[in-house]
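Notes for the one structure printed next.
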Amino acid sequence: MSSSSCSLSPSLRSRLFNSSATRFLVPPARLNQHRSRCEMNRRSFAFRGILASGVSVTGSSLATEPTQGMERLPFKPEGYNFWTWRGHKIHYVVQGEGLPIVLIHGFGASAFHWRYNIPELAKKYKVYAVDLLGFGWSEKAVIEYDAMVWRDQVVDFLKEIVKEPAVLVGNSLGGFTALVAAVGFPEQVVGLALLNSAGQFGNPNENMDEPEESILQKFVLKPLKEVFQRVVLGFLFWQAKQPARIESVLKSVYINTSNVDDYLVESITMPAADPNAGEVYYRLMTRFMLNQSKYTLNSALSELRCPLLLLWGDLDPWVGPAKANRIKEFYPNTTLVNLKAGHCPHDEVPELVNKSLMEWLSSLKPEASLQTL
């Protein structure tokens, strides 16, 4: 794997930029017109690596005040609540009473990324925000990461912590996780909301069978490839830690940069001190990010049975409005709300996301939804 996305093959680049790893993205309006597409991809590729491992930044010029007029979840360096799942520590936040809403963050983020949504939604609902295994304040487990690991985590969270019918809400990687969890546990998911979700539509004509490895490939080429990947990714990991680079990227990924503040930075950087963060980064980059084609949006959507809300940042350059339109066309029981925002509309325009989400939630009839299953 190269340190630059420009040297990746078109098919590999497509998987990277359209997969669950697509966490924070650079809006076109913010790009310098003289900057090359290659440079944009290099910076974005490195930043996804930063978020995968929670590596760290300090930025003295970042704003510290919360969005005007909005209540914000207090930042707690020690975290809020913890649950043990399959022997691993899982972090979550819970506030409010009412119909349960479970918020699932994107690649490299944490429950704190829902800082402006939790307090508002909790005025009427019981809101949970959970850190996926390998991210945030949850344990950095050294396992083989796969979309189904996070699906199982969310399904068990519903069974063991929530314990009643709920609505799942997810951004980016968390969106695809929410989708497959809703399919995996339909009797307890009464609604699903996706914000610029990860995942790809599959090609029915594509042959998914991998050719059998030769002895040379298995015992010589594959080990050499893994050594090379560790060297390259180790360099990217080191490069991504440089404060000046990180601050620059952070200021370019939100269209409204006023929400790029110390709170957001710290919520990304603190997990860097966790044991095994570097190994989790390597596994996510090599084993998870590049092997997503076997899990497709069309296969999951074909099994979905509950109402779907799409809250879509139309200025997201990698997961743009065409994807939302295609999801709506494939799954008719969909409400689509287009927002002038990038990849993380819940933190960039939280007031609009909260309003749209609460209006949709008020239209849900959980009993009726469950009866139709």
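The values are calculated or read from the model by the stated rules, or taken from the named source; none is laboratory data. What you see is a predicted model, and the numbers here were worked out from it, not measured in a lab. So basically every Cβ, Gly included, is an ideal-geometry build from the backbone, and we count neighbours across all protein chains shown. To get the accessible areas, we keep the full protein, side chains included, count just its heavy atoms, and leave off ligands, DNA and RNA. Shrake-Rupley method; radii C 1.70, N 1.55, O 1.52, S 1.80 Å.
A few notes on this one:
- Selection within region 76-97 - among the aromatic types (F, W, Y) and outside any strand (DSSP E or B): Y80
- The lone exception for Y145 - which of (1) surrounded by 24 or more Cβ atoms within 10 Å (Cβ to Cβ); (2) among the hydroxyl-bearing types (S, T, Y); (3) modelled with pLDDT under 95 it fails: (1)
- Of the residues making up region 306-359, those that are closer than 21 Å to A166 by Cβ, open to solvent by 20 Å² or more (accessible area, probe 1.4 Å) and in contact with a Leu (Cβ under 8 Å, 6 or more places away or on another chain) are P307, Y331, N333, T335, V337, S356, M358.
- Near pairs, Cβ below 7 angstrom, 6+ apart or cross-chain, from region 255-275 (of a type in the set (S, T, N, Q)) to any residue that is outside any loop (DSSP other than H, G, I, E, B) and open to solvent by 30 Å² or more (accessible area, probe 1.4 Å): T257/K251; S258/A63
- Any hit, region 151-166, residues being small (G, A, S), part of a strand (DSSP E or B) and either modelled with pLDDT of 95 or more or within 24 Å of R287 (Cα to Cα) (or both): yes
- Condition check for A129: without any contact (Cβ under 8 Å) to a residue 60 or more places away in the chain and open to solvent by 10 Å² or more (accessible area, probe 1.4 Å): no
- Residue match in region 184-195 (condition: open to solvent by less than 10 Å² (accessible area, probe 1.4 Å), over 25 Å from P275 (Cβ atoms) and part of a loop (DSSP other than H, G, I, E, B)): no
- Yes/no for I101 being open to solvent by less than 20 Å² (accessible area, probe 1.4 Å) and among the β-branched types (V, I, T): yes
- All conditions in (1) open to solvent by 10 Å² or more (accessible area, probe 1.4 Å); (2) under 16 Å from the mean Cα position of the chain (by Cα); (3) at pLDDT 80 or above hold for Q292, with the sole exception of (3).
- Test result for A109, in a loop (DSSP other than H, G, I, E, B), crowded, with 23+ Cβ neighbours inside 10 Å and modelled with pLDDT under 95: yes
- P119, sole failed condition from (1) in a helix (DSSP H, G or I); (2) in contact with a helix residue (DSSP H, G or I) (Cβ under 9 Å, 6 or more places away or on another chain): (2)
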